[in-house]
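A short write-up of the structure that comes next.
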Amino acid sequence: MTTQLEGLLNPTEADNIPKIGFLVWGEIADEDVTYVDLRDAVSETGILDPDRIPTPTPSKAYHHALKTFRMSDYRTLVRKVKSASGYGTHRHQVTVESEVEGEKSLAYSATAWTTFKDGEVTVEGDDDRLKMKLTTWMDNYTRFVKRDVMQAYLGYELTRYQSVVARRQGGGLTFVPVNYQEQLEALQTVFEKCGSTIYAMPVFDTSTWRNNAAGFVEDDLLVEFNKINREIDTLLDEARAEGGPIKSFKLTTRLKRFADLRDKAKVYEDLLSFKATDIATGISKVEKRLNKILVGGGEFETVDRVIDQRKAAATERKQQRAADRAQKREEDKAEAKAARDAKKAIEAKLKAAKTEAVEQAASRAAEAKPTQLKAPF
């Protein structure tokens with residue numbers, strides 16, 4: 001149903017107003033959409049690439065089935081057990097129990113051991129129903145597009161449109177430049193065919209919106225820049241700690257992301273007429289740093305000596321803390337002894353003063369006693 005809104009602008013007039021982009025958010029429905037239907041819908045647009053749709057791997061399907069076991073209506077235990085088959089093999093114990101209605105005793109209990117390796121699943125156990133459920137849930141995962149996959153696909157596509165995050169809380173809002181209006185409309189058509197909705201609110205070209213957009217664009221660019229920079233620092237720190245070479249592809253991958261970030265900044269500089277100076281300067285500095293490492297072969301000397309120094313420093317600090325605590329104890333003891341001695345001295349003075357007072361009182365009493373006179377006869 002289409003609602004006709006009566007307002008100041010009719011749709012034709014609104015379409016003629018210059019726009020700088022769209023605020024985009026999605027409402028993903030829990031529809032049973034197959035991967036075949038999704039790929040067909042994407043291919044029909046002639047713009048979008050169906051190869052960008054996330055592929056449901058057997059490993060993801062297996063772990064999805066185990067998760068479904070955990071969330072089933074049964075009393076279910078799913079735990080990972082050690083496998084002797086080596087790397088790439090996943091093995092789990094699955095125990096399903098059900099109670100007699102109205103009683104606490106078990107009416108049914110079954111245990112199976114599932115093994116996933118090289119895309120194949122085997123189930124050991126006497127109850128075939130567990131294997132049937134596992135394979136059914138795996139088939140369901142590989143056939144139908146799950147809600148989180150649709151959400152991920154939306155994110156992938158919006159990232160390709162040089163989008164930035166305009167608001168992170170409450171589900172988030174994404175800003176897409178007007179340059180990608182055609183692709184965005186095609187994406188809306190695809191999601192509509194799959195029972196979901198992608199909303200795109202036009203952002204008109206006004207000074208207020210330009211300033212607002214420039215603010216959240218620069219914030220998002222800085223977040224991405226700092227994220228990549230932290231990853232690089234981690235890689236270099238690990239290389240220095242372990243000693244030896246760092247894999248060049250890890251650095252070249254980050255350089256590619258920096259190049260993409262620079263391209264995105266250029267798009268918004270042209271669109272919004274602002275300069276992302278901090279981003280450009282930061283990217284240039286890090287690129288020079290990485291290129292210098294790559295030209296030098298990315299070799300790092302071992303830092304065993306530095307590690308030993310750190311250990312020695314830690315030991316010294318530990319010993320110093322112990323010495324400080326011992327000194328503090330001695331000072332506390334001396335302070336307590338001085339307090340006791342002072343108390344004893346005060347008590348002695350009070351005692352002496354009391355004794356003196358008693359003696360003075362007795363002396364005054366003796367002096368005040370009347371003299372007994374003798375009779376003359």
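Structure data summary
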| item | result |
| --- | --- |
| Cβ-based exposure ranking for Tyr161, Tyr62, Tyr35, Tyr156, in which fewest neighbours within 10 Å come first | Tyr156, Tyr35, Tyr161, Tyr62 |
| Residues with amide H under 5 Å from that of Asp205, placed H, sequence gap 5 or more | Lys19, Ile20 |
| Nonlocal amide H pairs with Val164, under 5 Å, H built at 1.01 Å | Phe175 |
| Ranked Ile279, Ile228, criterion: other C-beta atoms within 10 Å, fewest first | Ile228, Ile279 |
| Lysines with Cα under 26 Å of Lys19, excluding same-chain neighbours fewer than 8 positions away | Lys264, Lys266, Lys275 |
| Amide hydrogen neighbours beyond the local backbone of Val33, cut-off 5 Å, H modeled | Val145 |
| The range 314-320 - phi-based ³J(HN,Hα) in whole Hz, Karplus 6.51/-1.76/1.60, Gly and Pro as x | 5, 5, 4, 5, 5, 5, 4 |
| For Lys67, Lys351, Lys82, Lys146, order by how many other beta-carbon atoms lie within 10 Å, fewest first | Lys82, Lys351, Lys67, Lys146 |
| Cβ-based net charge around Arg289, under 13 Å, with every Lys or Arg adding one and every Asp or Glu removing one | +2 |
| Karplus (6.51, -1.76, 1.60) ³J(HN,Hα), θ = phi - 60°, over the range 224-230, in Hz, Gly and Pro reported as x | 5, 4, 5, 5, 5, 4, 5 |
| Backbone HN-Hα couplings from phi across the range 202-208 [Karplus 6.51/-1.76/1.60, Hz, Gly and Pro as x] | x, 10, 7, 7, 10, 4, 5 |
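Where a number appears in this text, it was derived from the coordinates with a stated rule and is not lab data. Quick caveat: nothing in here was measured; it's all calculated off a predicted structure. Glycine gets a Cβ as well: all are built from the backbone with ideal geometry, and neighbour counts include every protein chain shown.
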